[in-house]
Amino acid sequence: MKKINWGILGFARIAMNEVIPAILEAESARLYAVASRSQEKLKEAEELYKPEKLYLSYEALLKDKDVEAVYIPLPNALHKEWAIKAMEAGKHVLCEKPLALNEKEVREMVEASKKHKVLFMEAFMYRYTERTKRVEEILESGVLGDIRHVDSTFRFFLNREGTIKMKPELGGGALYDVGCYPVNFATMVFQEEPVKVSAAAAMQNQVDVQISALLEYKDGKTASLHAGFNAFGRNYSEIIGTEGRLEIPDSFLDNEGVMTLYTDQGKEEMHVPACHRYTLEVEDFSSAILESRDPKLKLEESLQNARILDRIFQTLQ
Ligand SMILES: NC(=O)c1ccc[n+]([C@@H]2O[C@H](COP(=O)([O-])OP(=O)(O)OC[C@H]3O[C@@H](n4cnc5c(N)ncnc54)[C@H](OP(=O)(O)O)[C@@H]3O)[C@@H](O)[C@H]2O)c1
């Protein structure tokens, strides 16, 4: 079977711990090249994963004609620049979330992907899990009735020195880092644009370390979203409809678990099997290239996500 040659721009934690192992596991992908600004990190990449090529600059990797797809796990403020450079070099691009710092940047990236006829996707790995698949099936089934409210939280306690997540100039902050997930979740459920957005945040080092947002949709529907890295972790969502409600613990994870559906018929616990969300993501993106089709996550949705993040930030000013 033909495999897509992947190149990695930056030996980031997420690349090292999750996405490179996923590329090695996926049937349609091959780890071909890693680029890092650091010789030491390249040595580590070589020892751990033995890619065919190692490059000491991102430009050099992009010049390699055999690289077909590029994974971008750079700080958020660098996504736009490198995604566009990769697309100009004719590479398909899987870029980490959030795609960029605002809708304008995302739009430029989307235009570049069209101009250079390459696939481009935001790496929202949770959209590939068995859990999310089950949630989508339940929404599709109509068992919840009309959806009135969504509640979604992604927070963890951050205690890592020097992390990019605390650097405003690199696109740090909880909304970009983890808040984009609840925003995406609300969009997945309602599939429409909110009519009103309000928010409150706690700031530290000029970045938001905690954020709560209320999205109001037409007919009074609402989504209350919460994210942060300044207190105990929580990863949880609930969807409330006229005929039922669904509780989704570990909403953005790929572990085994249980979701609970409440209706007039009573309480139903649904077992969710574990899966490998990063491998499924890489498999879909690589297969999409091979089959000349779009990958699962649509760019329209990424634009909407960026627009909502912009509106949340605007309410904080
Ligand atoms: N999907 C997920 O589950 C998930 C999880 C965590 C993070 N993320 C996303 O992945 C991206 C990276 O996050 P991370 O936590 O893996 O970050 P990280 O470990 O700090 O890695 C970022 C990498 O960017 C490169 N880089 C280039 N210019 C830099 C600069 N000025 N300062 C710091 N690093 C620079 C570095 O690679 P070299 O030194 O090797 O060149 C560095 O290793 C972010 O967009 C984040 O939102 C996604």
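Looking across region 112-147 at every residue that is within 16 Å of the ligand (Cβ to nearest atom) and of a type in the set (A, V, I, L, M), the one that is nearest to residue 87 (Cα to Cα) is identified as 121. Within region 59-66, none of the residues are within 17 Å of residue 297 (Cα to Cα) and open to solvent by less than 20 Å² (accessible area, probe 1.4 Å). Tell me, please, whether a residue that is out of contact with any Gly (no Cβ under 7 Å at 6 or more places or on another chain), more than 7 Å from the ligand (Cβ to nearest atom) and part of a helix (DSSP H, G or I) can be found in region 3-11. No, region 3-11 has no match at all. When the residues of region 168-184 are filtered to those that are farther than 20 Å from residue 194 by Cα and within 8 Å of the ligand (Cβ to nearest atom), which remaining residue is least open to solvent (accessible area, probe 1.4 Å)? Looking at the filtered set, the residue picked out is 171.
Scanning region 272-317 for residues that are without any contact (Cβ under 8 Å) to a residue 24 or more places away in the chain, under 18 Å from residue 186 (Cα atoms) and in a helix (DSSP H, G or I) turns up just one, 300. From the list 219, 177, the lone residue that is assigned by TED's automatic domain parsing to the domain that holds residue 148 and touching a residue at least 40 places away in the same chain (Cβ under 8 Å) is 177. Of all residues in region 69-84, those that are aliphatic (A, V, I, L, M) have Cβ atoms under 7 Å from Cβ atoms of residues that are part of a helix (DSSP H, G or I) and within 8 Å of the ligand (Cβ to nearest atom), 6 or more apart or on another chain, in 72/79; 77/170.
In region 113-141, the qualifying residues are those that are small (Gly, Ala, Ser) and either touching a Lys or Arg at 6+ places or on another chain (Cβ under 9 Å) or assigned by TED's automatic domain parsing to the domain that holds residue 176 (or both), and the one that is least open to solvent (accessible area, probe 1.4 Å) is 123. Would you point out the residue of region 281-315, among those that are small (Gly, Ala, Ser) and farther than 30 Å from residue 196 by Cα, that is farthest from the chain's Cα centre (by Cα)? Across region 281-315, the extreme among qualifying residues is 292.
Hey, any hits in region 142-155 for a residue that's small (Gly, Ala, Ser), open to solvent by 10 Å² or more (accessible area, probe 1.4 Å) and modelled with pLDDT of 95 or more? Scanning region 142-155, I find at least one residue that is small (Gly, Ala, Ser), open to solvent by 10 Å² or more (accessible area, probe 1.4 Å) and modelled with pLDDT of 95 or more, so the answer is yes. Against the list (1) at pLDDT below 95; (2) under 19 Å from the mean Cα position of the chain (by Cα), the condition residue 161 fails is (2). One residue stands out in region 12-44 among those that are more than 8 Å from the ligand (Cβ to nearest atom) and of a type in the set (Gly, Ala, Ser): the one that is surrounded by the fewest Cβ atoms within 10 Å (Cβ to Cβ), namely 28.
The values are calculated or read from the model by the stated rules, or taken from the named source; none is laboratory data. If you're wondering where the values come from, they're calculated on a predicted model, not measured in any experiment. All Cβ positions, glycine included, derive from the backbone under ideal geometry; neighbour counts span all protein chains shown. Heads up: the accessible areas ignore ligands, DNA and RNA and are worked out on the full protein's heavy atoms, side chains in. Shrake-Rupley method; radii C 1.70, N 1.55, O 1.52, S 1.80 Å.
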